[in-house]
Each structure stands twice: as C-alpha cells, then as structure tokens.
Amino acid sequence: MARPLRVVIIGAGIGGIAAAGALRKLGHEVELYERAAGLGEVGAGIQIGPNGVKVLRALGLDSTLEGLGCEPTNIVSVAWDNAHLRFRQPLKAIAVQSYGAPYLSAHRADLHRLLLARVPESIIHLNAHCITVSSDARRAVARLADGSEVEADIIVGADGIKSTVRAALFGETPARFTEQIGWRGIVPIECVPRRIGPDKSVEIDPMEYVGWIGPGGHVICYPIRGGKLYNMYIGSISTDWAEESWAVPSSRNEMMQAFTGWNEALLGMFEKIEQVFKWGIYDRDPIPHWTKGRVTLLGDAAHPMMPTLAQGASITLEDAYTLARAMSRHADDAQRGLAAYERERIGRASRVQLQARQQFENNRKSPAPPPLSRDWIFEHDATAEPAVAAE
Ligand SMILES: Cc1cc2nc3c(=O)[nH]c(=O)nc-3n(C[C@H](O)[C@H](O)[C@H](O)COP(=O)(O)OP(=O)(O)OC[C@H]3O[C@@H](n4cnc5c(N)ncnc54)[C@H](O)[C@@H]3O)c2cc1C
C-alpha cells in the first residue's frame with residue numbers, strides 16, 4: 001500500500017463502525033463523526049444472513065457473536081387466528097452446509113457493541129452533526145453543525161436512511177410510504193408459549209423463527225441475546241402517515257388495537273412487551289451512483305431497503321469490507337478506489353433492494369406466492385477475494 005489513507009466516516013451505526021474496523025485493519029487512518037450524544041442502538045433484534053456472518057468473521061468476530069447471537073433452528077409459519085401450522089422448514093441444519101456460514105439473529109445493541117470494541121474510542125467524535133460535504137481534486141471536506149470542518153482523503157457517508165451526505169451529493173430523493181407500519185418489541189424468552197394452535201397441537205420452540213401470517217398483518221419472532229430474549233417484529237397495513245425512521249416510540253395499546261382478533265397466544269406475548277417502537281416503511285428506488293469526487297455512500301445511506309428480506313445489515317457489512325479492500329488496492333489513487341468499490345457493490349445491493357420490494361408486493365397478494373429465493377444472497381462471500389489484489 002502506497003500510504004495509509006485518511007478517511008472520515010459520517011455516522012457510527014453498524015455500517016460506519018464496521019467500515020472503520022475494516023479500514024483500520026488494512027492500515028488506514030479513520031475518524032468517525034456521529035451526531036448523537038452517545039453511542040448505542042435501539043432495543044430491537046436484527047437478523048444477519050450467512051453473507052453478513054462471513055464479513056463479521058473477517059472482522060474478527062466469531063460465528064456465535066461471543067455467545068450473544070442465536071441460530072434459529074427452523075422457520076415456522078402459523079396462521080394468525082387459530083395458530084395452525086402452515087409449514088416448518090429447517091434453517092440451522094442447512095445454513096452452514098448450503099451457504100458457508102450460520103444464519104444469526106441478535107440484539108442490535110450486542111452487535112453494535114461487539115463491532116465497537118474493535119475500534120478505539122479516541123477515533124469517535126460525538127455530537128458531531130454533519131450538515132454538508134464537498135470535495136476537490138486533493139481532498140474531501142465535511143462541514144459540521146458547530147461550524148467546524150474536517151478534511152480527509154475520502155469521506156464515507158454512513159449516515160443512514162435519511163442521509164445528509166446522499167442529499168449533498170445527489171439532492172433529495174423522494175421516498176414512497178408503503179402503507180405498512182411496523183412495531184418492534186422484546187419479551188423475556190420465558191414468555192414464549194410452548195404449545196399453540198387447535199387443541200394446543202402445535203409445539204413451538206423459542207429457538208425457532210416463527211412467522212404469524214394474517215390479513216393485513218404479520219408478526220415475525222426470533223430469539224436474541226443468546227436465547228434470553230425474544231424479538232417481535234409486528235407489521236400491519238396502515239394508511240396513516242408514519243415517520244421514515246426505525247425507532248419512533250409508540251404504545252402497546254396502539255399496537256394491540258391493530259391486532260384485534262388475532263390468536264390469544266400471540267396477544268399474550270404482546271401484553272408482556274414493555275417498550276414499543278414503531279416505524280413507517282418507506283421505499284426508495286436504487287440510485288445510479290454512490291460516489292461523487294472523493295465522497296461515497298455506504299449502508300442505508302446508499303441503499304435503504306425494505307425489511308422483507310432482513311438484509312439491510314448484511315448488505316451493509318458487505319459494503320464495509322469491500323470498501324476497505326478497494327481502498328487498499330488503490331491507496332495511491334483514492335478516486336479509483338472509490339470507483340472500484342462502487343462498481344463491485346452497486347449492482348448487487350440494488351438487486352437486493354429490488355428483491356426486497358418484490359417480496360413486499362408478493363406478501364400482499366392473496367394467496368401469497370412462495371417466498372423468493374434468497375440463496376444467491378446468502379451464498380455470496382464478500383471476503384472471498386484476497387485483501388490486496390491487482391485489478
Ligand atoms: C431499530 C432498527 C431495526 C432494524 N431492523 C431491520 C431488520 O429487521 N431488517 C433489516 O434488513 N434491516 C433492519 N434495520 C436496518 C439495518 O439495521 C440497517 O440496514 C443497517 O444496520 C445499516 O445501518 P447504517 O449504519 O447504514 O445506518 P444506521 O444504523 O441508521 O446508522 C446511521 C448513523 O448515522 C448517524 N447520523 C445520521 N445522520 C447524521 C449526520 N448528519 N451527521 C452525523 N451522524 C449522522 C445516526 O445517528 C446513526 O448512528 C434496522 C435498523 C434499526 C435502527
């Protein structure tokens with residue numbers, strides 16, 4: 001490598017922190033600017049596909065996330081009203097064999113903390129709200145809300161779904177409300193009923209991934225935090241406006257009302273949720289470029305996607321690793337490095353974004369067609385190339 005690059009990352013979410021870890025691992029100098037006053041994640045679960053787990057391993061995490069990750073054993077589907085079994089398919093038993101890594105579920109805060117432990121605290125600047133970015137032939141500059149400026153060889157906008165960096169590069173892009181809102185809640189694993197359905201004939205295990213499917217709604221449940229907690233994503237059709245955010249506080253009553261008449265076992269779990277968040281699901285088209293000059297985008301800032309494939313974080317992790325590798329290959333020509341990163345990532349990320357949209361549309365059909373295959377997504381190994389290679 002010619003010389004280490006000076007990299008500024010805007011946003012210390014999963015994407016920004018993973019990118020910092022990957023870039024530092026390959027010898028680059030990184031400074032991270034986060035607008036929040038503290039670091040952390042909202043209390044909610046996250047699924048990490050085998051493609052994401054491969055990147056986590058390359059970043060030095062083990063496949064169990066130090067015992068905090070879970071490997072759901074089966075995918076189970078039950079009906080919303082009488083909880084009869086629609087289907088049960090193995091997941092844990094096939095994931096490593098078919099895709100080369102396990103399928104994990106975890107608490108967002110645990111994943112964030114594990115990634116954070118791999119970067120020094122001294123590189124993270126809190127209360128640092130980026131308001132715009134620019135670049136010229138020699139350097140990139142981020143301007144912060146306090147009037148200060150930071151400069152670097154490249155700037156990475158990892159500032160999430162409502163990215164300021166994306167807007168500065170390409171203008172504001174419209175988002176479409178999908179008339180779907182989701183609540184998120186967590187309960188102790190002991191709250192999961194072991195027998196449900198007609199005459200309690202359906203056995204469920206808290207280590208299974210369970211989907212409750214009904215008219216106008218669906219609920220996805222899986223274990224997190226090493227099997228101590230149970231995460232629920234509770235999706236419902238609504239024409240009401242909801243903010244494009246992952247974490248607006250809501251109330252249990254509001255959520256219960258939308259699920260009147262659903263199975264009592266499910267509603268019993270809802271009763272135990274203490275803190276409820278909701279978010280409105282918006283859809284955005286893929287954008288044709290992520291990079292302008294010496295500034296690029298990563299994660300939700302580049303490819304905000306609907307949650308139907310549960311791939312947002314995994315595709316973001318892939319971005320992080322690929323960016324670090326491309327910049328190392330082209331450390332003597334940062335703009336070439338950014339072009340290589342965009343070239344390697346944009347087609348795949350856009351395809352996943354569009355498949356998430358298609359899956360969303362399919363879920364609304366009655367009867368819903370079988371789920372679209374995610375094999376091509378899971379099989380991918382973003383770390384497969386050597387860390388430094390000729391192009
Ligand atoms: C609660 C929650 C639940 C989710 N659930 C799912 C799911 O079930 N399935 C799925 O596929 N995806 C889900 N996602 C999305 C997935 O986690 C993301 O796709 C992935 O983590 C990418 O994160 P990111 O780092 O790009 O963005 P984010 O995690 O949004 O991080 C962006 C960071 O940038 C900071 N920031 C924003 N603007 C500025 C600025 N101007 N200046 C400085 N800092 C700024 C923010 O404070 C934040 O820390 C969820 C996200 C959240 C938050």
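Taking 0.36 nm per residue of separation and subtracting the current Cα-Cα distance, fully stretching the chain between PHE87 and ASN363 would add 97.8 nm. Of the residues VAL96, VAL165, VAL78, the one that moves most in a GNM of the chain with alpha-carbon contacts below 10 Å is VAL96. Excluding same-chain neighbours fewer than eight residues apart, the aspartates and glutamates reachable from LYS272 by a Cα-Cα span under 14 Å are GLU190, GLU264.
Using just the helices of the chain, give the 222 nm mean residue ellipticity in deg cm²/dmol: DSSP H runs with n ≥ 4 each add -39,500 (n - 2.57), and the total is spread over all residues, rounded to 500. -9000 deg cm²/dmol, from helical runs alone.
Positive end of the dipole of the chain (Cβ unit charges, origin at the Cα centre): among SER238, HIS303, GLY43, the Cα lying farthest that way belongs to HIS303. Magnitude of the charge dipole for the chain, about its Cα centre and with charges confined to Cβ atoms of Lys, Arg (+1) and Asp, Glu (-1), is about 400 debye.
Between the alpha-carbon centres of the range 249-281 and the range 139-162 there is a gap of 39 Å. The smallest convex shape that holds all Cα atoms of the chain, its convex hull, gives 130 Å³ per residue. Relative protection proxy for 216-229, 31-44, 334-347, from highest mean packing down: 216-229, 334-347, 31-44 (other beta-carbon atoms within 10 angstrom). Over the range 258-391, what is the mean sequence separation of C-alpha contacts under 8 Å (at least six apart), divided by residue count, expressed as relative contact order in percent? So the answer I get is 25 percent.
Taking every DSSP beta bridge that has both ends in the chain, the antiparallel portion is near 75%.
Note: relative contact order over the chain, using C-alpha pairs below 8 Å and six or more positions apart, is 23 percent. Taking one quarter of the surface of the convex hull spanned by the alpha-carbon atoms of the range 8-124 gives a direction-averaged projected area of 9.1 nm².
Our note on the geometry: Cα centres of the range 1-64 and the range 316-391, 16 Å apart.
Calculated accessible area for the chain comes out at 42 Å² per residue, all protein chains present (probe 1.4 Å; ligands, DNA, RNA ignored).
Would you calculate the separation in nanometres between label points at GLN335 and CYS191, each defined as 7 Å from the Cα along the Cα-to-beta-carbon direction? A separation of 5.5 nm, rounded to one decimal place. The packing ranking, built from the mean of other Cβ atoms within 10 Å per residue, places the peptides 100-108, 14-22 in the order 14-22, 100-108, highest first. Summarised as an ellipsoid, the range 333-372 has semi-axes of 35, 6, 4 Å, derived from the eigenvalues of the Cα gyration tensor scaled by 5 and square-rooted, with the largest first.
Candidate cross-link partners of LYS54 among the lysines, defined by an alpha-carbon separation under 28 Å and a same-chain spacing of 8 or more, comprise LYS25, LYS92, LYS162, LYS228. PRE reach from ALA175 (point 7 Å along Cα→Cβ): which of the range 306-327 fall under 14 Å by backbone N? The answer is 306-307.
Put a dot 7 Å past the Cα of GLN97, heading toward its Cβ, do the same for ALA167, and the two dots end up 5.0 nm apart. Just the protein heavy atoms count here, and of the accessible area of the chain at 1.4 Å, carbon and sulfur take up 50 percent. Applying the criteria of a DSSP loop state and at most 10 other Cβ atoms within 10 Å to the GluC sites (Glu not before Pro) of the range 107-177 yields GLU172. Note on the range 176-204 and the range 292-311: Cα centroid distance 29 Å, given to the nearest whole angstrom.
The eigenvalues of the Cα gyration tensor, multiplied by 5 and square-rooted, give the range 103-202 an equivalent ellipsoid with semi-axes of 42, 21, 11 Å from largest to smallest.
The values are calculated or read from the model by the stated rules, or taken from the named source; none is laboratory data. Everything numeric here is computed off the predicted structure, so don't read it as measured data. Here the Cβ is made from the backbone with ideal geometry for all residues, glycine too, and neighbour counts use every protein chain on show. Protein only, heavy atoms only, side chains kept; ligands, DNA and RNA dropped before computing areas. Shrake-Rupley method; radii C 1.70, N 1.55, O 1.52, S 1.80 Å.
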